[in-house]
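Working notes for the structure below.
The values are calculated or read from the model by the stated rules, or taken from the named source; none is laboratory data. Remember, predicted model here, so these are calculated numbers, not experimental data. Reconstructed Cβ throughout: ideal geometry from the backbone, glycine too, with neighbour counts over all protein chains shown. These accessible areas exclude ligands, DNA and RNA; they are computed on the full protein's heavy atoms, side chains included. Shrake-Rupley method; radii C 1.70, N 1.55, O 1.52, S 1.80 Å.
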Amino acid sequence: MTLLEFARGPAINAALVIFVFGVIWRLFWLLFLPRAADHSVAKLGAGAAVSSAAGGFVRHMWPPREYAARTRFSLIVGYVLHFGLAIIVFGFAQHILFIRDIFGIGWPGLPTGVITVVSVITLAALIAALVRRMTNPVLKMISTFADYWAWFVVTLPVVTGLMAVSHLLLRYEDMLGVHILSVALMLATFPFSKLMHAFLVFVTRSQTSFFYSRRGSHV
Amino acid sequence: MADWMSQQGTVGEALTRQGISRRSLLKYSSYLATLLALPPTSSQAIAQALAGAKRQSVIWLSFQECTGCIESLTRSFSPSVEEMIFNLISLDYQETLQAAAGEAAERARLEAMEANKGKYVVVVDGSVSTRDGGIYSTAAGKTNLEVLKETAKDALAILSVGTCSSFGGIPRAHPNPTGAEPVSAIITDKPIINVSGCPPMPEVIAGTIAYLVTFGKLPELDHLGRPKPFFGDNIHDRCYRRPFYDQGKFAKSFDDAGAREGWCLYELGCKGPVTYNACATIKWNGNTSFPIQSGHGCLGCSEPNFWDAGSFYKPLPGRMTGAGEAVLGAAAVGAVAGAGSAFIARRRKAAASDPSASPSVPEGADQ
Ligand code: SF4
């Protein structure tokens, strides 16, 4: 069995099984957790649960003016790398085929050149995020292994994907195998790492917004 | 097998006997130089070396195969390739082509081995059965396994022609009932060149043999033992449909508008990006076409395990096999485990807020 066969066969399938198990386990656990009833009386003008949660979620996407200068760097880097990753994952024809293989749905892809440029920009944003995490004293202090691990498992597929396309270091088929294995590593550790924020961000931000809305504050 | 095929002497003498002019030799030499990516000036030197070279004694063994490899060579579109190759070698044993049969054929092999001890090249097409002592493929009462070991013992080198002898090929595909193995899994003390392909390209077989005869040494090989001049690039990097791949223009079915426009066949399962061979450059049938040009994706036939690497029509990024049931099972187990974890948390919380359930202070703990 070649490296590519191992990656396209048992490795990616095992990773998918762990991914699905882990994500559903965590989401179910969270949704069924006991919650303390909120006995407070909602402030006058507090929005309905859904609208206040959704409104707060949208407002959270951009910092208030007072913080604009202080958060500019992380805001730009954060947006670039998140949009970049989304374009790579959902815009590259090869990745769409991978998704189609699992979910049975597909859509037209972007030209390889566009994806290559986006990948390089995304990689630069990822490196910038890491450098900031390692140099900013506060960020450095509150960072744990989990933060670096999340960075590592996201960056590895970007790097190996670029290397496979550019025929760097290994033969294409081997680097493609390494790339798929790196995706398998990301998928298998996703539910147990900070990457879970891809699902939980909707829950946490909406809930926070709802709480504050009841207390008459719009965050 | 015609007599001249197995006569010794120099290549020049054989050509004269065949009435092949020096001009034709020069033409073939420049063709060879092009195939091997050598500078055009080297064709003169190749012609000279070839004319003076001794015809290479070759013993051709056919094992678990479909005869496609030898058909590919002998029915090559350009007869000059076939004729030329048989002028370069003295084919002392080949079951498909030789007139002799039975004991006479077997004797021919043993005589050729004795006469050219240590100097003959063994060409093998087909994989070798190894299960139960190799009894699933025999000829003249001997297993292929025995014949290979016996013949390879005094050989100069071995040329595995075709994917079966190079990597096991279709006979080695799951469940491999005969225990088929490639030559390299059995013979480990001789230089082996793998000319893979199902079938291999006639020009590649001929070019490799010509290289051996001309330069008296093995060509540079890749990590799978294949001659680099022919297997150095993958199909994808030399494919004329590549611009469509780069633009993201893919045919979705074999007869849609994209297919008619000649768009890339990646989504239809083309394995060109992971397949190394000369199809896209030399092409088949006298440079007429190759599978991708004829509208079908590359099957990856010159690569190990190509038969077991998932469907030919499944795109490369797709998984070789699905895991539908396992994934559904994982989702169900995840849901139960999640609900179970939450239930345990609820119980803990309830226990913590129930004063009657709180642990009693052990006697004397306040002292
Ligand atoms: S048809 Fe196959 S080899 Fe040609 S560009 Fe498309 S994927 Fe590559």
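Remark: pairs (first residue in the range A:1-26, among the aromatic types (F, W, Y); second residue open to solvent by less than 50 Å² (accessible area, probe 1.4 Å) and assigned to a helix (DSSP H, G or I); Cβ separation under 6 Å; 6+ apart in sequence or on different chains) = A:F19/A:L187; A:F19/A:F190; A:F21/B:A330; A:F21/B:G334; A:W25/B:G334; A:W25/B:A337; A:W25/B:G338. When each of A:G84, A:G47 is tested for being in contact (Cβ under 8 Å) with a residue 40 or more places away in the chain and either aromatic (F, W, Y) or closer than 20 Å to A:V203 by Cβ (or both), the lone residue that passes is A:G47. Pull up the range B:212-251, narrow it to residues that are acidic (D, E) and assigned to a loop (DSSP other than H, G, I, E, B), then point me to the one that is nearest to the ligand (Cβ to nearest atom). Residue satisfying both the conditions and the ranking: B:D233.
The condition (being within 13 Å of chain A (Cβ to nearest Cβ), without any contact (Cβ under 8 Å) to a residue 40 or more places away in the chain and of a type in the set (F, W, Y)) is satisfied by just one residue among B:F231, B:F244, B:F290: B:F244. Within the range B:272-284, the set of residues being in a loop (DSSP other than H, G, I, E, B), away from the ligand (no atom under 12 Å from the Cβ) and open to solvent by 10 Å² or more (accessible area, probe 1.4 Å) comprises just one member, B:K283.
Those helices (runs of 4 or more DSSP H) of the range A:67-171 in which at least 3 residues are over 21 Å from the mean Cα position of the chain (by Cα) and within 23 Å of B:K271 (Cβ to Cβ), considering only elements entirely within it, cover A:145-165.
Yes/no per residue for (1) within 9 Å of the ligand (Cβ to nearest atom); (2) open to solvent by less than 60 Å² (accessible area, probe 1.4 Å); (3) in a loop (DSSP other than H, G, I, E, B); (4) in contact with a Leu (Cβ under 6 Å, 6 or more places away or on another chain):
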{"position": "B:S253", "(1), (2), (3), (4)": "no, yes, yes, no"}
{"position": "B:G262", "(1), (2), (3), (4)": "no, yes, yes, no"}
{"position": "B:C270", "(1), (2), (3), (4)": "yes, yes, yes, no"}
{"position": "B:G286", "(1), (2), (3), (4)": "no, yes, yes, no"}
{"position": "B:G297", "(1), (2), (3), (4)": "yes, yes, yes, yes"}
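Scanning the range A:92-119 for residues that are within 11 Å of chain B (Cβ to nearest Cβ), of a type in the set (G, A, S) and crowded, with 19+ Cβ neighbours inside 10 Å turns up A:A93, A:G109.
Of the residues making up the range B:107-138, those that are surrounded by 15 or more Cβ atoms within 10 Å (Cβ to Cβ) and among the small types (G, A, S) are B:A108, B:A112, B:G126, B:S127, B:S129, B:G134, B:S137.
Checking the condition assigned by TED's automatic domain parsing to the domain that holds B:V121, open to solvent by 40 Å² or more (accessible area, probe 1.4 Å) and touching a helix residue (DSSP H, G or I) at 6+ places or on another chain (Cβ under 6 Å), which residue from B:E203, B:E220 passes? Don't jump to the end; show me each part of the working.
Numbers: B:E203 fails: open to solvent by 40 Å² or more (accessible area, probe 1.4 Å).
Answer to the check: B:E220.
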